[in-house]
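The values are calculated or read from the model by the stated rules, or taken from the named source; none is laboratory data. This one's a predicted model, so the numbers in the text were calculated from it and none came from an experiment. Here the Cβ is made from the backbone with ideal geometry for all residues, glycine too, and neighbour counts use every protein chain on show. Ligands, DNA and RNA are stripped out before the accessible areas are found, and what is left, the full protein with its side chains, is counted by its heavy atoms. Shrake-Rupley method; radii C 1.70, N 1.55, O 1.52, S 1.80 Å.
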Amino acid sequence: MYSKKVINHFQNPHNCGKIKNPDGIGKVGNIVCGDVMYLYIKIGKNKKKEEIIKNIKFETFGCVAAISTSSVVTDLVMGKTLDEAMKLEKNNVINSLEGLPPIKIHCSILAIDALSEAIYDYLSKNKRLIPEELAKKHERIDKERHSVEEKHKDWVEKEEKMFNK
């Protein structure tokens, strides 16, 4: 059973859509359930001249929990520094949604992975130092993505065509 907050985020997702010319893009998927998330970030600076997530949007092809976790992750990190955003964990997402069914916990991890990939993408495009923990997470996600793409090559090509219209 989903909480009222999960249902609310599903029916009225926050920050849904695509950012034109994003500074970072995170794309992740789950081989078991088939959920796919794209997360876009735009980086700005706060009054202390620290880099912050100035804007964030998502496109998720998935279930109620996948859309709700995508929505709440954008709420949780909008305006946060990159260091603060990288500290976000699945329990922050789950607690913000007032819980998730145990079988849907993986959606919170997927949303965190999408955020991590968007930050990784931003840092690598700008030839910036990538924290070791973020690099290890990227390596794991990239390995999983290549495994899925190889196994479901035809499906992935159709998805890419549909997505890049």
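Going through region 3-43 one residue at a time, which ones are under 19 Å from ILE103 (Cα atoms), part of a strand (DSSP E or B) and open to solvent by 40 Å² or more (accessible area, probe 1.4 Å)?
Answer for region 3-43, where residues must be under 19 Å from ILE103 (Cα atoms), part of a strand (DSSP E or B) and open to solvent by 40 Å² or more (accessible area, probe 1.4 Å): just GLY29.
Quick grid of which residues meet (1) at pLDDT 95 or above; (2) of a type in the set (S, T, N, Q):
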| residue | (1), (2) |
| --- | --- |
| PRO102 | no, no |
| CYS107 | no, no |
| SER116 | yes, yes |
| LYS125 | yes, no |
| GLU132 | yes, no |
| ILE141 | no, no |
| HIS146 | no, no |
| HIS152 | no, no |
(request) Among the candidates ASP75, ASP113, ASP83, single out the residue that is part of a helix (DSSP H, G or I), charged (D, E, K, R) and buried (at least 17 other Cβ atoms within 10 Å of the Cβ). (result) ASP113
(request) Please determine, by comparing only the residues of region 124-133 that are open to solvent by less than 60 Å² (accessible area, probe 1.4 Å) and free of Cβ contacts under 8 Å to residues at least 12 places away in the same chain, which one is farthest from ASN91 (Cα to Cα). (result) SER124
(message) Among the numbered criteria (1) of a type in the set (A, V, I, L, M); (2) surrounded by 20 or more Cβ atoms within 10 Å (Cβ to Cβ); (3) out of contact with any Phe, Trp or Tyr (no Cβ under 8 Å at 6 or more places or on another chain); (4) assigned to a loop (DSSP other than H, G, I, E, B), which one does LEU100 miss?
(response) (3)
(message) With the requirement that a residue be among the acidic types (Asp, Glu) and either under 17 Å from ILE119 (Cα atoms) or open to solvent by less than 100 Å² (accessible area, probe 1.4 Å) (or both), what does region 134-156 give you?
(response) GLU139, ASP142, GLU144, GLU149
